[in-house]
Amino acid sequence: MGETYKAGAFVGLGRMGQPMALNMARKGFDLAVFDTNAAAMQPFTEFNGCRQATSPSDAAQGASIAITCLPGPNELSAVALADGGIIDTLPQGSVYVDLSTITPELTDALAAKAAARGVGFVDAPIGRLASHADKGESLFMVGASDADFARVKPALEAMGTTIHHCGPPGAGTRTKLINNTLAVVSCTMNAEVMALTQAFGLDLTTTLAVIHGTSATNGQLKLNLEKKTLLGDTEPGFAIDLAAKDLALILAAAGSATVSMPIAAAARETVSLARAGGYGRKDFSALADFVCEVNGVDKARLPKPTD
């Protein structure tokens with residue numbers, strides 16, 4: 001990697017952030033890492049070029065590239081946009097990359113503040129699941145100038161296999177909201193279909209084979225639900241709490257753009273009910289379990305695969 005990336009910062013070591021930062025460290029990036037959960041920083045002690053920072057600003061001191069991966073707008077504003085935050089701390093000529101899913105307005109504010117400080121800005125929200133992050137197979141939707149895109153591409157390539165330059169700063173965030181609209185709405189539709197399949201007493205394996213042979217199939221059904229909740233695994237790769245947050249962002253952004261989205265609004269109600277029912281920390285594919293539960297039918301399960 002080039003000299004530009006000799007010293008970097010990575011703030012936010014949650015279920016997605018930690019494996020991505022670890023993949024960077026394994027590929028030779030020297031990182032100052034920070035998370036409010038001290039245990040999340042512990043795996044980085046095995047890398048000589050990494051250190052555990054005491055705060056987001058401490059991580060950003062002297063960094064050529066700083067990356068944040070945080071739960072939402074409030075956390076990101078406090079870490080990056082506030083006075084004395086990451087953008088204020090980064091040296092001129094460095095570049096700041098945000099991987100979080102946030103509002104377009106906040107992304108635009110981050111880009112403006114970075115430009116005023118002489119810092120490059122890139123929004124690169126993540127596609128795919130936590131299991132892909134573990135394997136370094138994430139997808140990134142990037143908003144950046146051509147020059148900044150070229151500068152951060154080595155870091156993104158250390159974390160993922162698919163990188164789309166969607167346009168100037170802000171285009172990545174807006175593309176992510178489009179993507180997540182379809183992902184979460186598909187998940188709620190799949191949940192209702194699973195409940196109806198159970199109520200009809202149909203064989204689930206056969207029903208899925210029919211769906212996958214027609215245009216009714218979808219990625220959430222085939223790539224997520226079948227490999228998670230239908231096998232009894234509801235550990236979060238993308239939690240229902242985060243799906244609720246994203247739907248709120250999507251509908252707010254749609255309102256600002258004067259676009260009506262009644263289907264997304266209905267999906268938000270299903271997700272909100274699931275959270276109220278204690279499902280918030282489960283994977284969003286577990287909406288299928290919730291909908292089966294409220295309809296009084298057995299949870300949909302496929303036979304466990306044999307070795």
Single residue of the range 165-194 satisfying the filter (more than 17 Å from the chain's Cα centre (by Cα) and among the β-branched types (V, I, T)) that is surrounded by the most Cβ atoms within 10 Å (Cβ to Cβ):
T188
Check the range 133-152 and report whether any residue there is over 30 Å from A111 (Cβ atoms) and among the small types (G, A, S).
no
Give the residues of the range 120-166 that are at pLDDT 95 or above, of a type in the set (D, E, K, R) and not in a helix (DSSP H, G or I), sorted by residue number.
D123, K135, E137
Mind checking which residues of the range 31-47 are surrounded by fewer than 19 Cβ atoms within 10 Å (Cβ to Cβ) and assigned to a loop (DSSP other than H, G, I, E, B)?
T36, N37, F47
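Looking at I67, I87, can you tell me which residue is closer than 16 Å to A111 by Cα, in a strand (DSSP E or B) and touching a Leu at 6+ places or on another chain (Cβ under 9 Å)?
So the residue among I67, I87 that is closer than 16 Å to A111 by Cα, in a strand (DSSP E or B) and touching a Leu at 6+ places or on another chain (Cβ under 9 Å) is I67.
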Criterion violated by A300 - all others in (1) surrounded by fewer than 20 Cβ atoms within 10 Å (Cβ to Cβ); (2) in contact (Cβ under 8 Å) with a residue 12 or more places away in the chain; (3) not assigned by TED's automatic domain parsing to the domain that holds M189 satisfied
(1)
Please determine, by comparing only the residues of the range 280-297 that are outside any helix (DSSP H, G or I) and in contact with a Ser or Thr (Cβ under 8 Å, 6 or more places away or on another chain), which one is surrounded by the most Cβ atoms within 10 Å (Cβ to Cβ).
D283
Which condition number does V79 fail, the rest of (1) out of contact with any helix residue (DSSP H, G or I) (no Cβ under 8 Å at 6 or more places or on another chain); (2) part of a helix (DSSP H, G or I); (3) surrounded by 21 or more Cβ atoms within 10 Å (Cβ to Cβ) being met?
(1)
Residues of the range 48-59 classified as crowded, with 17+ Cβ neighbours inside 10 Å and in a helix (DSSP H, G or I), total
3
Evaluate the following for D108: is it acidic (D, E), out of contact with any Phe, Trp or Tyr (no Cβ under 6 Å at 6 or more places or on another chain), crowded, with 24+ Cβ neighbours inside 10 Å and modelled with pLDDT of 95 or more?
no
So, first residue not assigned by TED's automatic domain parsing to the domain that holds P56 in the range 89-112, second residue crowded, with 24+ Cβ neighbours inside 10 Å and at pLDDT 95 or above, Cβ within less than 7 Å, six or more apart or across chains; the pairs are none
Of all residues being of a type in the set (G, A, S) and surrounded by 13 or more Cβ atoms within 10 Å (Cβ to Cβ) in the range 195-241, which is nearest to H132 (Cα to Cα)? Just the residue, please.
G237
Single residue of A191, A209 found to be closer than 17 Å to V291 by Cβ, of a type in the set (A, V, I, L, M, F, W, C), modelled with pLDDT of 95 or more and outside any loop (DSSP other than H, G, I, E, B)
A191
Scan the range 291-307 and tell me whether some residue there is under 22 Å from M16 (Cβ atoms) and of a type in the set (K, R).
no
Cβ pairs under 6 Å, 6+ apart, first in the range 192-218 and without any contact (Cβ under 8 Å) to a residue 40 or more places away in the chain, second not in a helix (DSSP H, G or I):
I211/T217
What residue, of A266, A244, is under 25 Å from G127 (Cβ atoms), out of contact with any strand residue (DSSP E or B) (no Cβ under 8 Å at 6 or more places or on another chain) and exposed (fewer than 15 other Cβ atoms within 10 Å of the Cβ)?
A266
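One residue is enough: does the range 60-76 have a residue meeting the conditions of a type in the set (A, V, I, L, M, F, W, C), farther than 19 Å from A155 by Cα and surrounded by fewer than 19 Cβ atoms within 10 Å (Cβ to Cβ)?
no
The values are calculated or read from the model by the stated rules, or taken from the named source; none is laboratory data. None of the values given here were measured: they were computed from a predicted structure. As a convention, Cβ positions derive from the backbone with ideal geometry for all residues, glycine included, and neighbour counts pool all protein chains shown.
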